Amino acid sequence: MKKTALLLFLTVLSACITLGCSSGSKKHIIVREKSELNTDSYRQTSGTPDTLAGQLQVPEKNLYSGQYIDDPFQLICSAEVIVPETDQVPVFKVGQKPFNQTWIDQVTDVFFGNHPVYDYEKYNQPTREWISEKLRQLRSYQAEGNLDPYGYIASAQAAGYENPESFYNLQSEIQRWEQIYEASPETVEKVEVIPGFGPGAPDNCFYREPSAAESSSAETASSDDPFFGIVEMDGGIFLYKLKRSGSFHMDIGIVRGDTEISDKKWSESSWFQPYWLQDSSDAPKGNLPSREAVEKLAGITPAQAAAMTDQYMEKLDLSDFTPKRIELSLSSRYNTDPIGLGSEEYLDYQDAAYQIIYTRDLRGFPITPDNSNGGVLEYTDDSGSAWGYEKVEFYVNQEGLQKASIQNLYEIQKPMIDNVELMSFSDITEIFWKIMPVRFQNNTDKININRITLGYMKIYDPGLSSTTGLLVTVWDFFGTREIYDPDTGEPYAMTYPTTSFLTINAADGTVINRNYGY
């Protein structure tokens, strides 16, 4: 307990010194969250024959509860405590998996096989045939006297804009497409390209045409220019993106496009997890589809979705990953809201799928999935470097793959400590109850913690190197938050199934900021 008391004192004292806390109110205390990347605070332990939950004195039946009530902040905890079934907890050194041509070729083969990859820009040029049909349609609207065929003017009027007619002019639109027609190709230009980076890539960076020597090379690609390609496969059109910049040393994206709403042949709809599918009620709210309707639209079960994505992971040699979250998701577009008003009544729900989130398991110990991408720099100067978190996720439904994302893959290196000593669960919860009221006060009515997990996360020190870090064990606290609507004064609940309210280093009790990564 003395160790915990000292940690708490130093944490809050550091916050006060750094940010200038007054003695009159805790509301102005902001905890400075930083953990230096070193192993000085990690001690080797021999462990015991007991389970890890037993060693840490986790409550019986892995259930924990408590509450803190201090107007206006309320913190209520009635949570399941999830602890891996292991008695060995290493601290691993971790680096960045090379984003080289060998890996790019493997990814390309796994997702697309022998299907050719086409230049994105050339493929998306509207053809004369397509433009002719577009002009025929526009002229028919004009002949009918329908000068607002897509509802631009009507939406602007409904929103109370002055001069709503300025939002759309049918004659100008016809003239614009007549000009585009003159410079357009007769048919779709399908120029095959080889996905990758490399020297000599064109300035627009949408593709490269490598030499024979480049094609056979497996060295790390040297260009930071992004690659965008198009693949026709499984009755759909897919965007293939390769990119690296800032905190993303690897960013791979594959998205089945929507081919009906854009002047281009590929455009992306937004995928998201609707809040009303996360609560206990299946009843639709307003014009929103019910859970039953969304499940029917997806057309497969969660187990079938995971089996589908497991095959991709095996072929990618990422078999040490397992699915941690499977969530119903919808794709949407503002099809009837041409000026982007953003109201739910304008949302057109296109399709449904299951989002499958994967994280790595090391010796039976998982990396905890969290929404934060990490890699945010604490200071605004250019002296630091950043490194985001490893992320792998898919969206799949009865038609197959809809979207895949692979980011910042790690290269797991040797353990720095074979079995680290962890603080007791009671010491961790003492820190939790002290820090949460400090962190959450503004515009907050109540936080309900319903899940507490022990898992790995990567930390690093941007002052030393952004290419190496440590996988350390942390406690994360998940749940819901009620916030007062400033307009109505009524509280509304927000669910955060993969956003941790607080992350505490399980070995030394340090509060970690997941946005920073330390």
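The values are calculated or read from the model by the stated rules, or taken from the named source; none is laboratory data. Source: prediction; values computed, not measured. Heavy atoms of the whole protein, side chains included, go into the accessibility calculation; ligands, DNA and RNA do not. Shrake-Rupley method; radii C 1.70, N 1.55, O 1.52, S 1.80 Å.
Among the protein heavy atoms of segment 80-134, carbon and sulfur supply 40% of the accessible surface, probe 1.4 Å, non-protein parts ignored.
The 1.4 Å probe gives accessible areas that order Tyr150, Tyr395, largest first, as Tyr150, Tyr395. Pair-distance distribution of segment 406-489: all C-alpha pairs, bin width 10 Å, starting at 0; shares per bin in whole percent are 12, 32, 29, 21, 6, 1. For segment 371-518, the fraction of 1.4 Å probe accessible surface lying on carbon and sulfur atoms is 44 percent. Note on segment 139-178: Rg/Rh from C-alpha atoms, Kirkwood Rh, equals 1.01. Quick check on my link table: of Lys243/Lys403; Lys97/Lys458; Lys241/Lys391; Lys296/Lys391, which ones sit more than 23 Å apart, alpha carbon to alpha carbon? Beyond 23 Å: Lys296/Lys391.
On full extension, the segment bounded by Thr488 and Tyr150 gains 118.3 nm, given 0.36 nm per residue less the C-alpha separation. Normalising the average separation of contacting C-alpha pairs (under 8 angstrom, six or more residues apart) by the number of residues puts the relative contact order of segment 451-514 at 28 percent.
For Leu318, the solvent-accessible surface computed with a 1.4 Å probe is close to 10 Å², ligands and nucleic acids excluded.
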